[in-house]
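K.L.:
Pasting in a structure now, in structure tokens, and then I'll have a few things to ask.
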Amino acid sequence: MRNSRIYYPSNIHGSKIRNAITGITYDNCYVGTLSEKNFFRVLDASGRYDTEGIKTHGNPTSNKLFFESYAEFETFYKLQQGGYEYLNEEENEEKK
């Protein structure tokens, strides 16, 4: 599957937030607004995917991804239980 989409980023300020896995957009939820706080947000700065979510090499632009929950993020990235740590120590405590 060459050039197949791995995920759906929401990079454009003012555009509707879309689910990173399904690509479904959410009504009345826009990138760059307080509605972002209703989702689990992740920035992928790996450079492995372009701004459309297609596998590439050396993309200098990070992609903003929105998940409905931490559990959805964890499943998508195939993380083991408790395998992801926040950089902010306080958020690690809230997660437990």
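Just so you know, all these numbers are worked out from the coordinates, no wet-lab data involved. What you see is a predicted model; the values in this text were computed from it and never measured. Here Cβ is always computed from backbone atoms with ideal geometry, including for glycine, and neighbour counts include all displayed protein chains.
K.L.:
At a 10 Å Cβ-Cβ cut-off, how would you order Tyr26, Tyr70, fewest neighbours first? Could you put the intermediate results ahead of the total?
P.N.:
Values: Tyr26 16, Tyr70 13.
So the ranking, lowest neighbour count to highest, is Tyr70, Tyr26.
K.L.:
From the C-alpha gyration tensor of region 3-63, pull out the three semi-axes of the equivalent ellipsoid (sqrt of 5λ each), sorted largest to smallest, in whole Å.
P.N.:
Each semi-axis is the square root of five times an eigenvalue, giving 21, 12, 9 Å.
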